[in-house]
Amino acid sequence: MQHLMAFGDSDLDRAAHRRSNEQVRQVLPLHQGRILAADGRLALREADDPLLANAGSPIFLGLHDGRAVHARAITGDEPTLPAGTEFAELRAMMTTLSAAEGEMAATARALLNWHASHKFCAACGNASQMTDGGWRRTCPECGTHHFPRTDPVVIMLILRGNEALIGRSPAWREGFYSCLAGFVEPGETLEAAVRREVLEETAIPVGKVRYLQSQPWPFPSSLMMGCVGYATAGEITVDPVEIAHAFWISREQAMAAIAGHLPNIEMPAQGTIARDLIMRWIADDLE
Ligand SMILES: [Zn+2]
């Protein structure tokens, strides 16, 4: 079966060797983390578009259909937009963007957020400068180079017989459930992170763990690493700080929830790795 996850794994040519000196031709404008879009697709502008009068330094995203694309963040108030375009939330476009568009938009969002939150050199405290087409910051005082960070997160489909463990965070809207997930800690393997997070959040011990697939998740800078794990016991005790409710859902219930037939259980949205893990489980396609 075909899996449809948003962001990454497209045919976008990142052309890293051209980052530092590529001429700006097409621009993806962003404003406060939202992306210029038209009908659910990216609305790229030419480099000299007046919309970009107050835009920040260009960040090279790669070559799309053979043409360079840069991202630029528009500062200040939202400018007057061309007819038919709007600044849209990336999450709302996960199923309408092409694979390459999704990768460009996710990359733009992650890098712009990193620059906005890493303006000063971590070695000496002076202001650093964007270099290498936006893929680095360099400190003019001490010369240290700083590289954009990606935070590893494990997201896991925990299985026991015909059932999978799903839960909901206290912060989520009522009825919404997903796979458990958590940040990988320094010095920890993916497999150990899966076992630790599941044990901490639900007291379920997990034996065998296997990595399946990943998804960049630029909200703000995570890389979701999807794993399948096999529980060795079934009694759930949630950590109420992390989890409001968790339960074992059967394959049949999960299918019904995805079809919208269970009014009290909402499953992860299309385009997310959580949805893809659940769909692969339902289709018996976890190899
Ligand atoms: Zn420095």
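Within the range 57-66, the residues that satisfy the criterion of being out of contact with any Leu (no Cβ under 6 Å at 6 or more places or on another chain) and farther than 13 Å from Leu42 by Cβ are Ser57, Pro58, Phe60, Leu63, Gly66.
When you check Ala244 against the structure, is it crowded, with 19+ Cβ neighbours inside 10 Å, more than 26 Å from Gly8 (Cα to Cα) and at pLDDT 95 or above, yes or no? Outline the logic, then answer.
On the way: crowded, with 19+ Cβ neighbours inside 10 Å: no; more than 26 Å from Gly8 (Cα to Cα): yes; at pLDDT 95 or above: yes.
Judged against the criteria, Ala244 is not a match.
When we screen Val198, Val228 for residues that are in contact (Cβ under 8 Å) with a residue 40 or more places away in the chain, in a strand (DSSP E or B) and surrounded by 14 or more Cβ atoms within 10 Å (Cβ to Cβ), the only hit is Val228. The criterion of at least 1 residues that are farther than 24 Å from Gln129 by Cβ and in contact with a helix residue (DSSP H, G or I) (Cβ under 8 Å, 6 or more places away or on another chain) is met, among strands (runs of 3 or more DSSP E) falling completely within the range 1-99, by 34-38, 59-64. Looking across the range 70-85, the residues that are surrounded by 11 or more Cβ atoms within 10 Å (Cβ to Cβ), more than 12 Å from Arg19 (Cβ to Cβ) and in contact with a strand residue (DSSP E or B) (Cβ under 6 Å, 6 or more places away or on another chain) come down to Ala71, Arg72, Ala73, Ile74, Glu78, Thr85.
Condition check: more than 21 Å from the chain's Cα centre (by Cα) and assigned by TED's automatic domain parsing to the domain that holds Val184. Does Ala274 satisfy that? No: the conditions fail for Ala274. For the structure I just gave you, tell me whether Ala181 is part of a helix (DSSP H, G or I), touching a strand residue (DSSP E or B) at 6+ places or on another chain (Cβ under 6 Å), more than 16 Å from the ligand (Cβ to nearest atom) and closer than 30 Å to Ile278 by Cβ. So Ala181 does not fit the description; no. Against the conditions (1) within 16 Å of the ligand (Cβ to nearest atom); (2) of a type in the set (A, V, I, L, M, F, W, C); (3) in a loop (DSSP other than H, G, I, E, B); (4) surrounded by 14 or more Cβ atoms within 10 Å (Cβ to Cβ), Ile204 satisfies every one except (1). For the range 50-78, residues that are touching a residue at least 24 places away in the same chain (Cβ under 8 Å) and of a type in the set (D, E, K, R) total 3. Assess whether Glu191 counts as being more than 25 Å from Glu252 (Cβ to Cβ), in a helix (DSSP H, G or I) and under 21 Å from the mean Cα position of the chain (by Cα). Answer is yes for this residue. Cβ separations smaller than 8 Å between residues 6+ apart or across chains give the following pairs from the range 132-143 residues that are in contact (Cβ under 8 Å) with a residue 60 or more places away in the chain to residues that are of a type in the set (Gly, Ala, Ser) and more than 10 Å from the ligand (Cβ to nearest atom): Asp132/Ser20; Gly133/Ser20; Gly134/Ser57; Gly134/Ala71; Trp135/Ala16.
Listed here are the residues, each with its yes/no results for (1) under 25 Å from Arg72 (Cα atoms); (2) within 16 Å of the ligand (Cβ to nearest atom); (3) not in a strand (DSSP E or B).
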site: Ala116; (1), (2), (3): yes, no, yes
site: Ala123; (1), (2), (3): no, yes, yes
site: Arg137; (1), (2), (3): yes, yes, no
site: Glu141; (1), (2), (3): no, yes, yes
site: Ile158; (1), (2), (3): no, no, no
site: Pro170; (1), (2), (3): no, no, yes
site: Glu174; (1), (2), (3): no, no, yes
site: Pro186; (1), (2), (3): no, no, yes
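Within the range 215-223, can one find any residue that is part of a loop (DSSP other than H, G, I, E, B), touching a residue at least 40 places away in the same chain (Cβ under 8 Å) and buried (at least 20 other Cβ atoms within 10 Å of the Cβ)? Reasoning before the result, please.
Taking the range 215-223 and keeping what is part of a loop (DSSP other than H, G, I, E, B), we get 218-221.
Filter once more, keeping what is touching a residue at least 40 places away in the same chain (Cβ under 8 Å): 218-221.
Next, only the ones that are buried (at least 20 other Cβ atoms within 10 Å of the Cβ) stay: 218.
Yes, the range 215-223 has at least one match.
Regarding Val209, is this residue assigned to a strand (DSSP E or B) and within 24 Å of the chain's Cα centre (by Cα)? Against the criterion (assigned to a strand (DSSP E or B) and within 24 Å of the chain's Cα centre (by Cα)), Val209 qualifies.
Quick check on Met130: is it within 16 Å of the ligand (Cβ to nearest atom), in a strand (DSSP E or B) and on the phi < 0 side of the Ramachandran plot? Outline the logic, then answer.
On the way: within 16 Å of the ligand (Cβ to nearest atom): yes; in a strand (DSSP E or B): yes; on the phi < 0 side of the Ramachandran plot: yes.
Judged against the criteria, Met130 is a match.
The values are calculated or read from the model by the stated rules, or taken from the named source; none is laboratory data. Fair warning: this is a prediction, and the values are worked out from it, not measured in the lab. Cβ atoms come from the backbone with ideal geometry, glycine included; neighbour counts cover every protein chain shown.
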